Amino acid sequence: MNTLGFWQGWVYLVVSVTAGAVIFAYLLRADPRLLKRRLRGLSSEKETSQKLLQVAIGIVFVGTIVLSSRDHHASWSHVPLLVAIAGDVLLVISYSTMFLAFRENTFAAVNIAVEPGQKVISTGPYAMIRHPYYSGLLLWVMATPLALGSWWALLMLVPMALILRWRIRYEERYLTEQLPGYAEYCQRVRYRLIPRVW
């Protein structure tokens, strides 16, 4: 198929680049310390298991896009126009969810750690779920295949859900031990990723 005729890919690219630029510009202006934390590499993770999880998340991201694109070129899926548009809407919601997490929590680093002066955040999206950034990531993996017109790439939701489950359990154990008030926060906010589900 003609790549230039792959309109789903062009819309996806515009949405993704625009969202990324908006988030980057906001952090650069309003919270440069958080931006610096977000740009840390794998070396900032202390535990080897968490470094491997970060690599696995990257593989899922790349795999989702590659499988979606391959699906399009091979015509494995026939996704209706309205579903592709809904995928783009979900993509915007996923980036918005991550942005709200960044705006509310200046300590939302790429690695699991407790910074000097860090406190429990229980406002904004954190009042409903404990890990809104991870919710945004999971939604991204759902939105991307739909926006790019692939049913098969939705299978990438399975490894991402398993990875996030492992990551969250480790992170919550760490924060419960290292961050005063986090255990009480977990008792108040019951859901981790999806309200009334988990």
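For the stretch 29-39, which positions are outside any helix (DSSP H, G or I) and aliphatic (A, V, I, L, M)?
Leu39
Which residues, counting only those in the stretch 163-193, are under 17 Å from the mean Cα position of the chain (by Cα) and exposed (fewer than 13 other Cβ atoms within 10 Å of the Cβ)?
Arg169
Condition first: in a helix (DSSP H, G or I), exposed (fewer than 14 other Cβ atoms within 10 Å of the Cβ) and touching a Phe, Trp or Tyr at 6+ places or on another chain (Cβ under 9 Å). Now tell me which residues in the stretch 40-69 satisfy that.
Across the stretch 40-69, the qualifying residue is only Ser49.
Tally the residues that are without any contact (Cβ under 8 Å) to a residue 12 or more places away in the chain and over 19 Å from the mean Cα position of the chain (by Cα), restricting the search to the stretch 31-42.
1
Considering only the stretch 89-106, how many residues are farther than 12 Å from Val141 by Cα, polar (S, T, N, Q) and assigned to a helix (DSSP H, G or I)?
Final tally of qualifying residues: 2.
Return the residues of the stretch 110-146 that are part of a helix (DSSP H, G or I), in contact with a helix residue (DSSP H, G or I) (Cβ under 8 Å, 6 or more places away or on another chain), touching a residue at least 40 places away in the same chain (Cβ under 8 Å) and more than 24 Å from Gly87 (Cβ to Cβ); say none if nothing qualifies.
Tyr126
Tell me the residue from Ala84, Ala153 that is part of a helix (DSSP H, G or I) and touching an Asp or Glu at 6+ places or on another chain (Cβ under 7 Å), please.
The unique qualifying residue is Ala153.
Please verify whether Val79 is in contact with a helix residue (DSSP H, G or I) (Cβ under 8 Å, 6 or more places away or on another chain), assigned to a loop (DSSP other than H, G, I, E, B), among the hydrophobic types (A, V, I, L, M, F, W, C) and more than 30 Å from Pro180 (Cβ to Cβ), treating the condition exactly as stated.
Taking the combined requirement at face value, the residue satisfies it.
Going through Ala84, Ala74, Ala108 one at a time, which residue ends up being among the aliphatic types (A, V, I, L, M), over 21 Å from Val15 (Cβ atoms) and buried (at least 18 other Cβ atoms within 10 Å of the Cβ)?
Exactly one residue qualifies, and that residue is Ala108.
Could you go through the stretch 166-186 and let me know if any residue there is free of Cβ contacts under 8 Å to residues at least 24 places away in the same chain, in a helix (DSSP H, G or I), closer than 30 Å to Val15 by Cα and of a type in the set (Lys, Arg).
So far as the stretch 166-186 goes, no, none of its residues is free of Cβ contacts under 8 Å to residues at least 24 places away in the same chain, in a helix (DSSP H, G or I), closer than 30 Å to Val15 by Cα and of a type in the set (Lys, Arg).
Could you please let me know if Gly136 is of a type outside the set (D, E, K, R) and farther than 29 Å from Val17 by Cβ?
Judged against the criteria, Gly136 is not a match.
Would you please list the contacts, defined by Cβ atoms under 6 Å and residues six or more apart or on different chains, that run from a residue in the stretch 12-25 that is farther than 20 Å from Ile85 by Cβ to a residue that is at pLDDT 95 or above and surrounded by 13 or more Cβ atoms within 10 Å (Cβ to Cβ)?
Going by the 6 Å Cβ cut-off, the qualifying pairs are Ile23/Phe99.
The values are calculated or read from the model by the stated rules, or taken from the named source; none is laboratory data. This is a predicted model, so every value here is computed, not measured. Cβ: placed from backbone, ideal geometry, glycine included. Neighbour counts: every protein chain shown.
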